[in-house]
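First up is the structure itself, then whatever we jot down about it.
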Amino acid sequence: MHERLYKTHAVVLRRYDFGEAGRQLVVYTPNLGKLSMIAKGVKRVTSKLAGHLEPLTLSTIVAARGRNLDTVTQVDTVEAFVHARTDPDRVYYGLLVIELLDKLTLEGEENRALWDLLIQTLRRIDAEDDPWAAAAYFQVRLFVLSGYKPEVGRCVECEQPLEASNIHFSPTLGGTLCPNCRTADTRAFAVSANAVKLLRLAASPSYAAYARIRVPVGVRDELDAILHSSRLSITDREVGSATLLETLKRSSYRPIGGRREP
Ligand SMILES: [Zn+2]
């Protein structure tokens with residue numbers, strides 16, 4: 001007689017206070033997409049839910065269907081991603097990932113490929129030397145899987161193949177422009193052939209091929225500019241964690257992803 005109950009893997013994307021000791025959660029799941037849930041009493045020390053519903057954690061949730069919102073009845077941590085949640089160099093990339101995923105998805109739309117990408121990315125940000133690479137790959141793949149695939153093989157305007165130089169990127173049109181079409185978007189900016197190549201690799205489903213590339217700092221900065229302008233164009237405003245990351249980069253803080261030549 002437990003038809004009301006269901007069990008799912010979940011990653012918390014956002015939390016709000018709910019009532020005196022509870023929280024409303026926005027979670028991402030493999031089979032139900034994004035959904036909102038209530039966790040009652042979760043902020044009480046005695047709650048068995050406490051400590052299991054942190055962002056950047058893979059959990060198993062048992063929830064009871066409600067008329068409006070479902071209620072969490074049980075939760076277990078499956079993967080804690082300890083480095084991604086405690087190492088400041090990694091935390092910001094993790095937060096950027098879940099915030100952007102939240103921005104680009106609607107509730108109740110299942111997307112198994114996005115779920116797999118999310119979990120793989122959290123593992124990479126947690127374990128790999130360079131969390132920047134994993135976060136950049138995630139963003140480009142998220143754009144592709146959400147219907148914003150950047151056009152990088154040819155000119156997005158006239159569809160001619162690109163030359164090796166004088167390439168511009170248009171965040172508004174979502175792709176590269178040839179010299180003849182560069183004025184099609186006043187916000188278009190020059191990009192190198194290497195940055196275009198990296199963007200093309202990041203758009204492909206093979207992380208291995210992308211991760212093999214040793215990316216020079218200049219090209220990394222170019223991809224950051226492409227991602228920043230694309231986020232602005234797609235979501236209308238920059239996501240908060242990216243703004244924070246930028247601020248930290250400009251101060252004395254230096255992410256491990258941002259190795260710079262002396
Ligand atoms: Zn063109």
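Any read-out appearing in this document is the output of simple, stated calculations on the displayed coordinates, not a laboratory observation. A quick note: this is a predicted structure, and the numbers were derived from the prediction, not measured. No Cβ is skipped: glycine too gets one built from the backbone with ideal geometry, and neighbour counts run over all protein chains shown.
Short version: ³J(HN,Hα) in whole Hz for each residue of region 200-216, in order, from phi by Karplus 6.51 cos²θ - 1.76 cosθ + 1.60 (θ = phi - 60°), x for Gly and Pro, what are they?
Rounded to whole hertz, the list is 5, 5, 5, 7, 8, x, 8, 5, 4, 5, 5, 6, 5, 6, 8, 8, x.
How big is D for the chain, in µm² s⁻¹ as a whole number, if Stokes-Einstein is applied with the Kirkwood radius of its Cα pairs at 20 °C and 1.002 mPa s?
109 µm²/s
Determine the relative contact order of the chain: mean sequence separation of Cα pairs under 8 Å and six or more apart, normalised by residue count, in whole percent.
Working: 444 pairs, mean separation 37.3, N = 262.
Relative CO of the chain lands at 14 percent.
How high is the FRET efficiency between Ser206 and Glu20 when r is their beta carbon distance and R₀ equals 45 Å, given to the nearest 0.05?
With R0 = 45 Å, the Cβ-Cβ based efficiency is 0.40.
Roughly how tilted is helix 240-250, in degrees to the nearest 10 and between 0 and 90, from the longest Cα axis of the chain?
50 degrees
Under the rule a/c < 1.5 gives rounded, and otherwise a/b versus b/c splits prolate from oblate, where does region 202-250 land using the Cα gyration tensor?
oblate
Please identify, among Gln24, Gln139, Gln160, the residue showing maximal mean-square fluctuation in a Gaussian network model of the chain using a 10 angstrom Cα cutoff.
Of Gln24, Gln139, Gln160, the Gaussian network model singles out Gln160 as fluctuating most.
For the chain, what does the helix formula give at 222 nm: sum of -39500 (n - 2.57) over DSSP H segments with n ≥ 4, over the residue count, nearest 500 deg cm²/dmol?
Result for the chain: -11500 deg cm²/dmol, rounded to the nearest 500.
So what's the angle, to the nearest 10 degrees on a 0 to 90 scale, between helix 112-127 and the longest Cα principal axis of the chain?
Helix 112-127 and the main axis of the chain meet at about 90 degrees.
With an 8 Å Cα cut-off and a minimum separation of 6 or more residues, compute the relative contact order for region 75-150 in percent.
Values: 55 pairs, mean separation 26.5, N = 76.
Worked out over region 75-150, it gives 35 percent.
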